[in-house]
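Taking it in order: structure first as structure tokens, then the write-up.
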Amino acid sequence: AQSVTQPDIHITVSEGASLELRCNYSYGATPYLFWYVQSPGQGLQLLLKYFSGDTLVQGIKGFEAEFKRSQSSFNLRKPSVHWSDAAEYFCAVGANYGQNFVFGPGTRLSVLP
Amino acid sequence: GAVVSQHPSWVICKSGTSVKIECRSLDFQATTMFWYRQFPKQSLMLMATSNEGSKATYEQGVEKDKFLINHASLTLSTLTVTSAHPEDSSFYICSARGDTTGELFFGEGSRLTVL
């Protein structure tokens with residue numbers, strides 16, 4: 001069965017600093033990988049996704065993620081964090097959209113002014 | 001972009017009553033919708049997969065009679081929490097998979113508080 005781990009429960013960075021959120025997965029086949037962001041009391045917004053092709057994926061709001069098959073990782077990065085990026089971030093893996101979709105536990109990002 | 005709307009956003013009810021939460025895909029058709037439950041500071045847990053015109057598929061450990069799901073049209077799925085109790089208090093989120101693109105869109109979530 002597939003699983004997703006996000007080793008960091010909570011990360012705090014200063015505004016303007018770079019950010020990397022870690023995601024590791026376990027999946028029997030080629031995975032579909034996703035990063036979602038959730039603001040407090042809100043639903044989820046898709047930041048980016050990887051299905052195939054270029055392993056460096058660009059998303060919305062200046063985020064990018066790199067798929068590394070050898071490390072079973074799909075880490076999310078942003079070169080300069082904005083205060084509005086403070087939220088909960090979820091990595092997810094699935095066979096397709098919605099099918100056998102598994103979310104990681106989430107990483108809460110705090111941004112210092 | 002595609003929008004999924006949940007209603008109500010917040011609901012407070014007395015123990016023993018039933019609460020219905022709606023999930024609508026506003027500008028696309030969705031044969032398949034999903035219902036999740038999220039406890040505070042935790043991840044989303046899939047409760048059930050809702051298919052238009054057929055019975056929902058529930059995940060292990062989810063009580064079918066407790067959480068009634070109806071997917072009567074291609075744009076609407078409902079979750080009814082029957083005989084709600086305080087332990088049912090949670091954040092419930094739905095998602096809808098677009099029939100054309102297969103892409104998944106999430107609702108804003110519904111926070112249920114049972115007194």
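A short reminder: the numbers here are calculations on the coordinates, not readings from a lab. This structure is a prediction, so every number in the text was calculated from the model and none was measured. All Cβ positions, glycine included, derive from the backbone under ideal geometry; neighbour counts span all protein chains shown.
Remarks
- Across every direction, the projection of the convex hull enclosing the Cα atoms of chain A has a mean area of 6.6 nm².
- Cysteines without a disulfide-compatible neighbour (Cβ-Cβ under 4.7 Å), chain B: B:Cys13
- Which of A:Ser110, A:Ser73 has the fewest Cβ neighbours within 10 Å, and the rest in rising order: A:Ser110, A:Ser73
- Sparsely packed GluC sites (Glu not before Pro) within region A:1-79, loop by DSSP, other Cβ within 10 Å at most 14: A:Glu15
- The protein assembly as shown - Debye-derived log10 I(q)/I(0), Cα point model, q = 0.07, 0.08, 0.13 Å⁻¹: -0.22, -0.29, -0.77
- For chain B, the spread of Cα positions along the three principal axes, ordered from largest to smallest, is 41, 26, 22 Å.
- Taking θ as phi - 60° and the Karplus parameters 6.51, -1.76 and 1.60, the scalar couplings of region B:18-34 work out to 10, 10, 10, 10, 9, 10, 10, 8, 7, 9, 7, 9, 9, 5, 10, 10, 10 Hz in sequence order, x denoting glycine and proline.
- Each principal axis of the Cα atoms in region B:49-115 has its own extent, and those three values, largest first, are 41, 24, 21 angstrom.
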